[in-house]
Amino acid sequence: MHELSICQSLIDMIADEARRQAFNRVEVVRIEVGRFAGVEPGALAFGFEVASRGTVCDGARLEIVDLPGLAYCFACEESVELSDRLAPCPKCGGGRLQPTGGDELRVKDLEVV
Ligand SMILES: [Zn+2]
């Protein structure tokens with residue numbers, strides 16, 4: 001499962017951070033997931049639970065912050081929100097779009113003890 005390996009690398013990163021900042025336990029992990037990141041939130045939550053066992057994240061609550069898919073439309077000269085990576089501009093129907101957001105998959109912050 002793709003989401004499990006994502007969670008394993010997130011937790012590895014948090015474990016490194018725990019060593020650097022000398023905390024022992026994480027209560028909340030907040031991650032930002034863009035609409036086009038290609039991960040399924042339910043699978044991510046499950047992967048996190050499995051991957052966190054026996055780590056500093058054991059028992060932590062995973063909070064997923066959804067970020068919209070964003071693109072800059074050259075015709076409208078503004079940023080628009082897309083429901084699909086290949087969708088046309090919702091305002092003018094044009095296809096000259098520069099993706100600007102939606103691929104995010106990162107830890108936003110942690111609440112630690
Ligand atoms: Zn447009």
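Only the coordinates and a few stated rules stand behind these numbers; no lab work does. This is a predicted model, so every value here is computed, not measured. All Cβ positions, glycine included, derive from the backbone under ideal geometry; neighbour counts span all protein chains shown.
Key figures for this structure:
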read-out	value
The chain: angle of helix 41-52 to the longest principal axis, Cα-based, in degrees nearest 10	20 degrees
Length-normalised contact order for the chain - Cα pairs under 8 Å, 6+ apart - percent	35 percent
Electrostatic dipole magnitude of the chain [Cβ: Lys, Arg +1; Asp, Glu -1; Cα centre; debye, to 20]	100 debye
Cα Rg, Dmax (largest Cα-Cα span) when computed across the chain, Å	17.2, 52
Between 0 and 90°, nearest 10: helix 2-21 axis offset from the chain longest Cα axis	60 degrees
